[in-house]
Amino acid sequence: MNDLLSTIDWSRAQFALTAMYHWLFVPLTIGLSLIVAIMETVYCRTGDDRWKKVTRFWMTLFGINFACGVATGIILEFEFGTNWSNYSWFVGDIFGAPLAIEGLFAFFLEATFVAVMFFGWNRVSKRFHLASTWLTAVGVCLSALWILVANAWMQNPVGMDFDPDQMRNVMTDFWGLAFNAVSMNKFFHTVFSAWALGGAFVIGISAWMIWRNRSLEASKMSLKVGAWVGLVGILLTMWTGDGSAIQVAKVQPMKLAAMEGLYEGKPGTDLIAIGVVNVREDRHEEQPEASYAVKIPKGLSLLAQHDMDAFVPGINNLLDGYEITTTGDTVFTVGYDKRIEMGKEAHAALRAYEDAKKSGNEAMADSALKVLNDNYQYFGYGFLSAPEDAIPPVAMTFYSFRVMVGLGCYMLLVYLITLLVMYRRKQTAKPATWVCWLMMLGLPAAWVCSQAGWIVAEVGRQPWTIQNLLPVNAAISDISSSGVQLTFWIFAVLFTLMLLAEISIMLRYINKVSRKGILND
């Protein structure tokens, strides 16, 4: 048992490590692909050769990052089979479909046109090259779409039925899976946030060159494009973030409660803007949700349901059986202790069905199947030992959410100040040193903000690999913890070296070209 628990922990750590490294590259790929396409469009419309040189500068940085993203993404998909084979068997027919589409359609679209984008200069017409650049950006987004469809299905499993003869779930509605509200909102939220990060990257690098008195004209040209893309991206990210909160309240209310450190809900629930969360060892102990809290009155009710007086259930309310329906009504359903009991009944019925089928007793099989169907919606709870097992890590979810929101607001400030400075000062003027540093600090802030968002999304749904259907302790492969530990450290070293190599290559290229002058390259 101890080895099993160690395997679960190390497998989770390995997957988290791979996912977080992968997510260092993906949003920059999405954001830079759009920025490069916009810059090349300006070049084609104006015929100004300066824009061509600026475009090729940022395109080179895009290419370096693109290669690293592909390498980590492939390893991430392999881990579903190596570390999470029970998960892959249980829902492979469903989860594998969007991943296959991503590989066969979107990835090949990217690979085809990215080659033209990099090697087609002076070999194809301006319009064809521009089309290739835009199609690369579209391909990058399509790759993200199908990956996020798969991830959103894990957050909100729909479009499937359980087949007891195969002992696995099978897809019944592909379009329901692909275009459920969670997947669409997650896709747009992710892409828009990537635009914001791409804008912060361009602003940060351009500000550094201005601070060092290098490539001033090219940097100012880049600043405007980066700031506009970043501003549009962050505003749309905030808009889709509002939609995400509503979806989380409906399909993952425990995540919302953990984000707020809320144990006891009430009508007109306040939102904690800043505070120190009090994680309860015993969920029934009486203490405030947070210490030193600055609250927005009725803010959480407004965020969750767009109703300032709405009831938002807390952790204890949810464990007792209160939920928000898809129509926004708060109802009393089935408490988590009863769900665990019904889940175990579903497990027993599945075993009875299998035994009856083997013995040829159809009447007993039909009876067991009825019990299984009646209790299957709580199948995943049968793997839990107590209701408290369904509570996510409250502190990590709580603080990650506030880091994400706080840094998102800082990025908005960076974009607004950048545009204000660039459009109010004379073209020959150089931004003040403090403005340059404000812009440069937006670069790490964007990545921390992005990582914090994924921590909220993934840690906040624990202990589930598939919401309410399969917890992590039932999704794991039958492998030794020592093997997982070994690969964890191998991946940690390899990914770190890859990241350092990317940063080193980028810095060398930026330093070399900026010294020479981008427009003189």
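Can you tell me how much longer the chain between A492 and Q287 gets when fully stretched, taken as 0.36 nm per residue apart minus their C-alpha distance, in nm with one decimal? Working shown, then result.
Numbers: separation 205, 0.36 × 205 = 73.80 nm, distance 3.97 nm.
Contour length minus the Cα-Cα distance gives 69.8 nm.
If a/c stays under 1.5 just call it rounded; otherwise compare a/b with b/c (prolate if a/b is bigger, oblate if not). Do that for the range 140-204, with a ≥ b ≥ c from the square roots of the Cα gyration tensor eigenvalues. Can you show the working numbers first?
Values: a/c = 3.88, a/b = 3.32, b/c = 1.17.
Prolate, because a/c is 1.5 or more and a/b exceeds b/c.
In square angstrom, what is the accessible area per residue of the range 465-521 with a 1.4 angstrom probe? Intermediate results must be reported in sequence, preceding the final value.
On the way: 3040 Å² over 57 residues.
In whole numbers, the range 465-521 has 53 Å² accessible per residue.
Along the charge dipole of the chain, which of N511, L24, W153 sits closest to the positive end, that is, farthest toward it, with unit charges on the beta carbon of Lys, Arg, Asp and Glu (+1, +1, -1, -1)?
Sorting the options by dipole projection puts first N511.
From the helices alone, meaning DSSP H stretches of at least four residues, give me the mean residue ellipticity at 222 nm for the chain, per-run term -39500 (n - 2.57), in deg cm²/dmol to the nearest 500.
Working: 17 runs with 368 residues, N = 521.
Rounded to the nearest 500, it is -24500 deg cm²/dmol.
Let me check something: with ligands and nucleic acids excluded, how do R515, R351 order by accessible area (1.4 Å probe), largest to smallest?
Numbers: R515 160, R351 140 Å².
Largest to smallest exposure gives the sequence R515, R351.
Taking a ≥ b ≥ c as the square roots of the eigenvalues of the Cα gyration tensor of the chain, is the shape rounded (a/c under 1.5), prolate (a/b larger than b/c) or oblate?
Working: a/c = 2.26, a/b = 1.61, b/c = 1.40.
It is prolate, given that a/c is not under 1.5 and a/b is the larger ratio.
Rounded to whole Å, give me the distance from the Cα center of the range 477-514 to that of the range 268-290.
Their Cα centres are 38 Å away from one another.
When Lys and Arg each count +1 and Asp and Glu each count -1, what net charge do the other residues less than 14 Å away from L34, Cβ to Cβ, add up to? Before the final figure, lay out the partial values.
Numbers: positive: none; negative: E40, E110.
Value of the local net charge: -2.
Dipole size in debye (nearest 20) for the chain around its Cα centre, Lys and Arg Cβ +1, Asp and Glu Cβ -1? Working shown, then result.
Working: 39 positive and 43 negative charges, 784 e Å.
Here the size comes out at about 3760 debye.
Each residue of the range 340-356 in turn: what ³J(HN,Hα) in whole Hz from Karplus with 6.51, -1.76, 1.60 and θ = phi - 60°, glycine and Pro shown as x?
4, 4, 5, x, 5, 5, 5, 4, 5, 5, 5, 5, 5, 4, 4, 5, 5
Return the whole-Å distance between the Cα centroid of the range 1-73 and the Cα centroid of the range 371-423.
Spelled out, the Cα-based centre of one part sits 22 Å from the other.
Expressed as an acute angle from 0 to 90° and rounded to the nearest 10, what is the orientation of the C-alpha long axis of helix 126-155 relative to the principal long axis of the chain?
That helix lies at roughly 20 degrees to the long axis.
State to the nearest 20 debye the size of the charge dipole of the range 21-166 about its Cα centre, where the only charges are +1 on K and R beta carbons and -1 on D and E beta carbons. All intermediate terms of the calculation are to be shown ahead of the outcome.
Numbers: 8 positive and 11 negative charges, 258 e Å.
Using only the charged Cβ atoms, the result is roughly 1240 debye.
Please list, ordered by chain and number, the residues whose modelled amide H lies under 5 Å from the amide H of L470; skip anything fewer than 5 residues away on the same chain.
Excluding prolines and chain starts, which carry no amide H, the hits are T465.
Beyond a 22 Å Cα-Cα separation, which of these cross-linked pairs lie in this structure: K52/K126; K298/K338; K126/K430; K344/K370; K186/K298; K220/K512? If you can, show how the numbers build up before the last one.
Numbers: K52/K126 11 Å; K298/K338 32 Å; K126/K430 33 Å; K344/K370 15 Å; K186/K298 25 Å; K220/K512 18 Å.
With Cα atoms farther than 22 Å apart: K298/K338; K126/K430; K186/K298.
Taking the Cα-to-Cβ direction at L500 and at K516 and moving 7 Å from each Cα, how far apart do the two end points lie in nm?
Each label point lies 7 Å from its Cα, and together they span 2.8 nm.
Between K126 and D389, what's the calculated FRET efficiency when r is the beta-carbon distance and R0 is 51 Å? Round to 0.05.
That pair, K126 with D389, gives E of 0.25.
How would T172, T18 line up by accessible area, probe 1.4 Å, largest first? Let's see the in-between values first.
Numbers: T172 85, T18 0 Å².
So, going from the largest accessible area down, we get T172, T18.
Rg(Cα) of the range 167-242 divided by 2.2 N^0.38 Å? Write down the numbers at each step before the final one.
On the way: Rg = 18.8 Å, N = 76, 2.2 N^0.38 = 11.4 Å.
Normalised by 2.2 N^0.38 Å, the Cα Rg of the range 167-242 equals 1.65.
Round to a whole number: what % of the accessible area of the range 256-345 belongs to carbon and sulfur, probe 1.4 Å? Each step should come with its number before you reach the end.
On the way: 2420 of 4440 Å².
Of the solvent-accessible surface of the range 256-345, carbon and sulfur hold 55 percent.
Placing unit charges on C-beta atoms (Lys and Arg positive, Asp and Glu negative, everything else neutral), compute the dipole magnitude of the range 165-262 about its Cα centre in debye, rounded to 20. Show your work: numbers first, answer last.
Values: 8 positive and 5 negative charges, 85 e Å.
Dipole size: approximately 400 debye.
Roughly how tilted is helix 433-459, in degrees to the nearest 10 and between 0 and 90, from the longest Cα axis of the chain?
With rounding to tens, the tilt is 20 degrees.
If you rank T41, T418 by how much accessible surface each has, with a 1.4 Å probe, what is the order from largest down?
On the way: T41 35, T418 0 Å².
Highest to lowest solvent-accessible surface, that is T41, T418.
Please work out, to two decimal places, the log10 of the ratio I(q)/I(0) at q = 0.18 Å⁻¹ from a Debye calculation in which every Cα of the range 189-346 carries one identical scatterer.
Results for the range 189-346 at q = 0.18 Å⁻¹ read -1.03.
For A19, what is the net charge nearby, where nearby means another residue's Cβ is under 12 Å from its Cβ and Lys, Arg count +1, Asp, Glu -1?
Numbers: positive: R12; negative: E77, E79, E458.
Net of charged neighbours comes to -2.
For the pair Y509 and T82, what calculated FRET efficiency results from E = 1/(1 + (r/R0)^6), where r is the Cβ-Cβ distance and R0 = 35 Å, to the nearest 0.05? Mind dumping the intermediate values first?
Details: r = 35 Å, r/R0 = 1.00.
Computed FRET efficiency for T82 and Y509: 0.50.
Suppose each label sits 7 Å from its Cα in the direction of the beta carbon; what would the D307-N213 distance come out to in nanometres?
With each label point 7 Å from Cα toward Cβ, the separation is 6.4 nm.
Taking the Cβ of G268 as the centre, find all other residues whose Cβ is under 13 Å away and add up their charges (Lys, Arg: +1; Asp, Glu: -1).
Numbers: positive: K266, K295, K298; negative: D270, D307, D309.
So the surrounding residues net to 0.
How far is helix 216-251 tilted off the main Cα axis of the chain, in degrees rounded to 10, range 0 to 90?
10 degrees
Given axes a ≥ b ≥ c from the Cα gyration tensor, I'd like to know whether the range 71-213 is rounded (a/c under 1.5), prolate (a/b larger than b/c) or oblate. Don't jump to the answer; show the numbers that get you there.
Working: a/c = 2.43, a/b = 1.94, b/c = 1.25.
Prolate is the answer for the range 71-213, as a/c is 1.5 or above and a/b outweighs b/c.
The values are calculated or read from the model by the stated rules, or taken from the named source; none is laboratory data. This one's a predicted model, so the numbers in the text were calculated from it and none came from an experiment. Quick reminder, even Gly has a Cβ in these numbers, built from the backbone with ideal geometry, and neighbours come from all protein chains shown. Side chains included, ligands, DNA and RNA excluded: accessible areas come from the protein's heavy atoms. Shrake-Rupley method; radii C 1.70, N 1.55, O 1.52, S 1.80 Å.
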